[in-house]
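Rule-based calculations on the coordinates, nothing more; no lab input. Model, not experiment: these values are computed from the prediction. Cβ coordinates were reconstructed from backbone atoms using ideal geometry, including for glycine residues, and neighbour counts include every protein chain displayed.
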């Protein structure tokens, strides 16, 4: 028997709650809301919400919006210091922490569980507390609803939609998502019915300079009191929308829009500037990076400045220069003052916020040019570094460069993941940065110190004229490479038949090969993982119950070959803007590591799903992911050969993990897969009409059902697919 009541002490109403009897408690000390609760709530409500000066608030049986309303009602409802010292994001974290403390009492209630950030929460753990779906019932999942963006080729503007790469948000029973053409749609979480669509008409600017064309990976939500706002970065603009109507908020910027091509180090061509990842929110700031095309290689191309804007007014609050400028730390890592003209070095994969410690973490990308650094000799800070900033000011707190003087397009592709860790009895506020190399860098996010040693390892050197590669590169001692091995040697070639192994070895001999970080060359260098990863923008997921980090990784070989740039013969559509010495995009025409009419050079599998135990740094399990290429299965040279059931499907999208014991991944397959998060056992797959092109998300609607949603398809054939167990 439960009852609703208002508890009053000394004329102060504390909080509305449902009080239960003998409710079981779940361990929640690793939840990101625990520290916020300890700082602002525990003094009155007890360390585990069990009561003290104030009443018990566990089990919690209200949505975070109700809790926010009660806290924000002021001194008449809460102690004055409580309302002043906790942000809206802090309240959301506390609500999640209290739900986890409430354990099965909350899980069984069928209360709504949102997915309010592209990464699930501010820590980018891609984890949902919804536990309705389990290894025992996941095989009952069916398609509940679908939604098609219906985006078409716009011949009048010369535009074509790219991959449908969005991960939606779910807030208050509404999904908010972006489309390839940068539109924003609000959909009913139960049915997929359209509530509104906002169209910034991004296609009117023609095709983006980015190699992948039109694509967008998500939007950002922010509460201004009772008003919910949606931020959409689109090309060189950022829009602020009213979440109820989809209309522009006129108080933000110029009638709801700010121009991101302004306030940079130098004037730029706006058509060369893009943003296709969701910004992040810290307090009342919206923080945004940029996406810049690798084929744009010219002096003073758009710089990768990271900027914070006032979320109400659109006024610039601070700027961080990933290429340090005069008087800033790090200019000495750019010889011949290359910092004065080098562009890019941008944050395109998204960022991560630690609200409680007031930090924002940046995964920084490549400097121009991605494969040749003769015009930017030196280590090139902060290119390919994890950087922690004071989120209030943009001042640097710490950094770690994962690649010195990058030549492999191994830019950091995904947001850092934050989590609590216990290693050899030591409690650590951890940060994990996944990489295209398949290496996993693990830090104390407060100090920037590595959790396990990272060694500077000697690597092969470049012989390209004018180039000077770094003599060493940082390699973590733990965890081991997610792909199991990096680089390529004769032991790694395709070997399903003796004849094919011999032909693979012959193909291997045509190129330079060796360990990870063997540099690009004029004859062509084989590299594994490829510049597509390893891990790419899909990132990883973290589960506090197991302590495991999960990542979908690709295991393919590519060729890095350079040649002198010739403006008369280049295929680069931006050749009139280029001034590089050596380039890779022309030299690769007709060059491939494949042999025997499309056979991959390395042996399968070509993708894995991997779990890392972050208490030890060991691989907990590694399993092949995806059926793989039907073309390869049907190759005449493999007739009669017994092939693995899972050849592996490479691709950028990642996965999510649930409290119910599952890891869901699409990962580039034409199916959504579910795995047991403890063992890696493949439990289920649901067929899709299109290839999966995004990282999924999951939520429980107010109707009590848990949904798993994933975007699929590209071009004119795209579909958002929602799975659930039928009522």
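What to note about this one:
- Whole-number D in µm²/s for region 204-271 (Stokes-Einstein; Kirkwood sum over Cα pairs; 37 °C, 0.692 mPa s): 244 µm²/s
- Binning all Cα-Cα separations of region 345-393 at 5 Å, short to long from zero, yields these whole-percent fractions: 5, 21, 25, 18, 13, 9, 6, 3, 0.
- Spread of Cα-to-Cα distances over 10 Å intervals beginning at zero, given as percent, for region 106-178: 14, 34, 33, 13, 6, 1
- FRET E, pair residue 255, residue 319, Förster distance 25 Å, beta-carbon r, rounded to 0.05: 0.60
- Residues 272, 45, ranked from the fewest to the most other C-beta atoms within 10 Å, line up as 272, 45.
- Rh (Kirkwood; distinct C-alpha pairs) - region 292-345, Å: 12.5 Å
- Counting all C-alpha pairs of region 359-513, share separated by more than 26 Å (%): 38 percent
- Mean-position separation - Cα centroids, region 199-264 and region 353-390, in angstrom: 24 Å
- Over the chain, dividing the summed -39,500 (n - 2.57) contributions of all DSSP H runs of at least 4 residues by the number of residues returns a 222 nm mean residue ellipticity of -2000 deg cm²/dmol.
- A full extension of the chain between residue 146 and residue 581 corresponds to an added length of 151.7 nm, given 0.36 nm per residue minus the alpha carbon distance.
- Compared with the dominant Cα axis of the chain, that is its longest principal axis, helix 88-101 is turned about 80°.
- Region 280-305 and region 507-553 have their alpha-carbon centroids 24 Å apart.
- Label-point gap, in nm, between residue 613 and residue 188 - each point 7 angstrom along Cα→Cβ: 4.8 nm
- Ordered by the count of other Cβ atoms within 10 Å of each Cβ, fewest first, 71, 423 give 423, 71.
- Once you divide the Cα radius of gyration of the chain by 2.2 N^0.38 Å, the number left is 0.94.
- Over all directions, the projected convex hull of the C-alpha atoms in region 413-483 averages 6.2 nm² in area.
- Region 599-639: C-alpha gyration tensor shape, a/c 1.5 cut-off, then a/b vs b/c: prolate
- Ranked packing of 297-308, 665-676, 506-517, most packed first, by mean Cβ within 10 Å: 665-676, 297-308, 506-517
- Computed label-point distance, nm, for sites residue 153 and residue 495 using a 7 Å Cα→Cβ extension: 4.6 nm
- Cβ-based exposure ranking for 274, 151, 247, in which fewest neighbours within 10 Å come first: 247, 151, 274
- Pair residue 173, residue 266: separation of 7 Å Cα→Cβ label points (nm): 5.4 nm
- Peptides ranked, highest mean first, by Cβ atoms within 10 Å: ranges 596-602, 357-363: 357-363, 596-602
- Residues of region 473-498 with amide N under 19 Å of the 7 Å Cα→Cβ point at residue 426: 475-480
- Length released on extending from residue 633 to residue 137, taking residue separation times 0.36 nm less the Cα-Cα span: 175.4 nm
- The antiparallel fraction among DSSP beta bridges confined to the chain stands at about 95%.
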